[in-house]
Amino acid sequence: MQSARTFRHAIISIARDTTTRKRTQKLLEDKNQNLAAAERLAQVGTLTWDLGTDQCQVSDEWCRIHGVSSRSMPLSDVIEFTHPDDCERLEKAVKDARNNRNPFDLTYQIVRRNDGVTRFVRVRGQCVNADDGSFKYYSTCQDVSGEMEMLDQLYASEKLFRDLFNNLPE
């Protein structure tokens with residue numbers, strides 16, 4: 001008696017319509033490109049600081065302003081960009097932010113990592129209680145070096161005219 005073996009073959013196929021997911025992904029990519037373009041045009045970068053881990057995530061424009069390529073770093077590395085003349089003020093603001101979760105608005109000098117050039121930045125931040133219970137600071141960083149140079153020229157011009165006026169013969 002011969003044993004008859006019967007082999008059964010089956011093909012199982014699963015299909016999923018990914019149209020909605022692809023469309024959503026494309027919209028997100030477009031929005032990210034628009035945000036990056038807006039940051040470049042405004043010379044404004046963004047930084048997110050997780051108070052629990054002390055890690056910061058930064059945008060491409062933030063990297064360009066500071067002359068770095070890494071988009072993730074500890075807060076201590078961010079503070080190292082600060083010009084020595086402004087370290088104390090920034091450290092005080094960071095301590096207040098960490099301890100009291102107060103918003104901040106600070107203009108100070110940084111030294112770019114890639115070329116050593118000193119730039120002025122205006123940093124504004126606000127603490128947010130995240131969904132997971134952690135606290136994060138969301139902040140913007142704007143290169144205001146051009147504005148600071150114009151202010152210096154304005155003050156110099158004002159001083160010149162004041163000195164001229166004060167030295168006029170009576």
For the range 53-100, what log10 I(q)/I(0) values come out of the Debye formula at q = 0.19, 0.24, 0.30, 0.32 1/Å, with one point per alpha carbon and no solvent?
-0.67, -0.97, -1.14, -1.17
What one gets for the range 89-153 as the Kirkwood radius, inverse of mean 1/r over different Cα pairs in Å, is 13.3 Å
Whole-number percent relative contact order across the chain, with pairs defined as alpha carbons under 8 Å at least 6 apart
18 percent
Student exercise: in the chain, how many lysine pairs 8 or more apart or on different chains have Cα atoms under 23 Å apart?
4
Rule-of-thumb Rg ratio for the chain [Cα; 2.2 N^0.38 Å; N residues]
1.76
Where the Cα pairs of the range 126-170 fall when distances are cut into 5 Å bins, in %:
5, 16, 11, 10, 9, 8, 8, 8, 7, 6, 5, 4, 3, 1, 1
Ranked highest first by average number of other Cβ atoms within 10 Å, how do 120-130, 71-81 line up?
120-130, 71-81
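Each reported figure results from applying straightforward, stated rules to the coordinates on display, with no laboratory input. Here the structure is a predicted model, which is why all the values come from computation and not from measurement. With ideal geometry, Cβ positions are generated from the backbone for all residues, glycine too; neighbour counts draw on all protein chains shown.
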